[in-house]
Amino acid sequence: MSDVPGLFTREFIADPYPAYAYLREHAPVHRTTLPSGVEAWLVTRYADARQALADQRLSKNPRHSEQAWKQGKVGVPGEQRSGIGAHLLNLDPPDHTRLRRLVSKAFTPRRAEEFRPRVQELTDRLIDGFAAAGEADLIHDFAFPLPIYAVCDLLGVPAEDQEDFRTWAGMMIRHGAGPRGGVARAVRHMQGYLKDLIHRKRGDLGDDLISGLIRASDHGEHLTEDEAAAMAFILLFAGFETTVNLIGNGLLTLLTHPDARAVLQREPDLRVAAAIEELLRYDGPVELATWRFTTCDTPIGGAVIPAGEPVLVVLASADRDPRRFADPDTLDLARSDNPHLAFGHGVHYCIGAPLARLEGQIAVTTLLRRLPDLGLAEPAGELRWRGGLIMRGLQRLPVRFTPTPGADA
């Protein structure tokens, strides 16, 4: 189809929504060549996306696309060589069901709420670090470290080791759009560290998630050491960049929509829950859902996708589909009918969604309260976006504000 707008160009990365609008209207299930050379199908309409996310004929196991898997072109870079491929993003029921059950109790809304004081403490500490300067990069100084430290606390990574995790996570974000070797190296570092940490924690179990995985393994849940390391890795990997982008994209949206921001600043406690949901829908942190593969010829949206083909559900397009959302390109922080797909749908619905929502709510409201005149230091159109396939996030978010003392009175 020669009229299809250019996909995966620099212009597309900056603003993919016009291209997705075209695909929804003219090629809602579209086969394309990805930057990696892999041929994959893009599903762009809301109803089709929701169907595909829950369709058991679409497997999460990347070995259904054997050649691309062996070449490291699907899934998380480096995982097939590091022994941590047996994680939630690559498994189907019943293995997925068994492993998800082991960690689900750590990610309930109640457990996330218990984590609120720690997230608030981390948020204020980070703002303290730049409040007196009058300027900051809200990605590097705020949105990036907050979920790293939070998920490290949740997993039980000792404080003295958390800077290593920040370094490895930074490698994964910086190299996400370029040579995958940097990501693979970070994966290997994390995998080696997590296996060592599991060994160390066996003699000193705590109330953290890794200790919980060890206890489950020791009580007959049949969790191998590799599975425990893979589980810890994917919770870290999936849990931090999603929240980085939720906070970063959300703050940029608010800074470029001053009327909506003013309403949120006037009534943060009343508005924040619905506001975060709308920010997730409007410019969410995950552009394409993680890889799926047809196990048989599968009809979706009027097309029949042959067996063994990669399928990418475009969440960013589905959440702007006018067939489901009124005025989808308009930001409405009071939107009540908002069943967005930013966290997915079906059995692979994001297990960390309650914690991500909590972190987003605290981060946004605390920042706007403490730095009320926060403003962009560069025109929004000049900001650069990272070019990774799955995630959508900014490289930098430079801001200026009136300097204030670091400690929150």
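The values are calculated or read from the model by the stated rules, or taken from the named source; none is laboratory data. This is a predicted model, so every value here is computed, not measured. Reconstructed Cβ throughout: ideal geometry from the backbone, glycine too, with neighbour counts over all protein chains shown. Note: accessible area is taken over every heavy atom of the protein model, side chains too, but ligands, DNA and RNA are not part of it. Shrake-Rupley method; radii C 1.70, N 1.55, O 1.52, S 1.80 Å.
For the reader, a short list of remarks on this structure follows.
Yes/no per residue for (1) among the polar types (S, T, N, Q); (2) modelled with pLDDT of 80 or more; (3) within 30 Å of L126 (Cβ to Cβ):
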{"position": "M190", "(1), (2), (3)": "no, yes, yes"}
{"position": "D208", "(1), (2), (3)": "no, yes, yes"}
{"position": "S217", "(1), (2), (3)": "yes, no, no"}
{"position": "L235", "(1), (2), (3)": "no, no, yes"}
{"position": "F240", "(1), (2), (3)": "no, yes, yes"}
{"position": "L251", "(1), (2), (3)": "no, yes, yes"}
{"position": "P258", "(1), (2), (3)": "no, yes, yes"}
{"position": "Q265", "(1), (2), (3)": "yes, yes, yes"}
{"position": "A273", "(1), (2), (3)": "no, yes, yes"}
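- Between D128, D141, D124, D153, the distinction of being surrounded by fewer than 22 Cβ atoms within 10 Å (Cβ to Cβ), acidic (D, E) and within 21 Å of R386 (Cβ to Cβ) belongs to D141 only.
- Only a single criterion out of (1) of a type in the set (K, R); (2) surrounded by fewer than 17 Cβ atoms within 10 Å (Cβ to Cβ); (3) modelled with pLDDT under 75 is not satisfied by R101, namely (3).
- When L358 is tested against (1) of a type in the set (A, V, I, L, M, F, W, C); (2) open to solvent by 30 Å² or more (accessible area, probe 1.4 Å); (3) touching an Asp or Glu at 6+ places or on another chain (Cβ under 9 Å), only condition (2) is not met.
- Residues of region 278-304 classified as of a type in the set (D, E), open to solvent by 20 Å² or more (accessible area, probe 1.4 Å) and outside any loop (DSSP other than H, G, I, E, B), total: 0
- Yes/no for L255 being in contact (Cβ under 8 Å) with a residue 12 or more places away in the chain, touching a Leu at 6+ places or on another chain (Cβ under 6 Å) and surrounded by fewer than 22 Cβ atoms within 10 Å (Cβ to Cβ): yes
- Of all residues in region 305-353, those that are under 23 Å from L270 (Cα atoms), open to solvent by 30 Å² or more (accessible area, probe 1.4 Å) and either assigned to a helix (DSSP H, G or I) or polar (S, T, N, Q) (or both) total 2.
- Looking across I362, I390, I351, one residue alone is within 14 Å of P147 (Cβ to Cβ) and among the β-branched types (V, I, T). It is I362.
- Residue in region 39-54 that is outside any loop (DSSP other than H, G, I, E, B) and modelled with pLDDT under 70 present: no
- All positions within region 361-399 that are over 27 Å from F115 (Cα atoms), part of a loop (DSSP other than H, G, I, E, B) and open to solvent by 40 Å² or more (accessible area, probe 1.4 Å): D373, E378, P379, R384, L389, Q395, R396
- Any hit, region 264-277, residues being in contact with a His (Cβ under 7 Å, 6 or more places away or on another chain) and open to solvent by 10 Å² or more (accessible area, probe 1.4 Å): yes
- Of all residues in region 183-215, those satisfying the criterion of being assigned to a helix (DSSP H, G or I), in contact with a helix residue (DSSP H, G or I) (Cβ under 9 Å, 6 or more places away or on another chain), over 13 Å from M231 (Cβ atoms) and not small (G, A, S) are V183, R185, V187, R188, H189, Y193, H199, K201.
- Taking the criterion of being within 14 Å of the chain's Cα centre (by Cα) and under 15 Å from T243 (Cα atoms), the residues of region 387-405 that qualify are I390, M391, R392, G393, L394.
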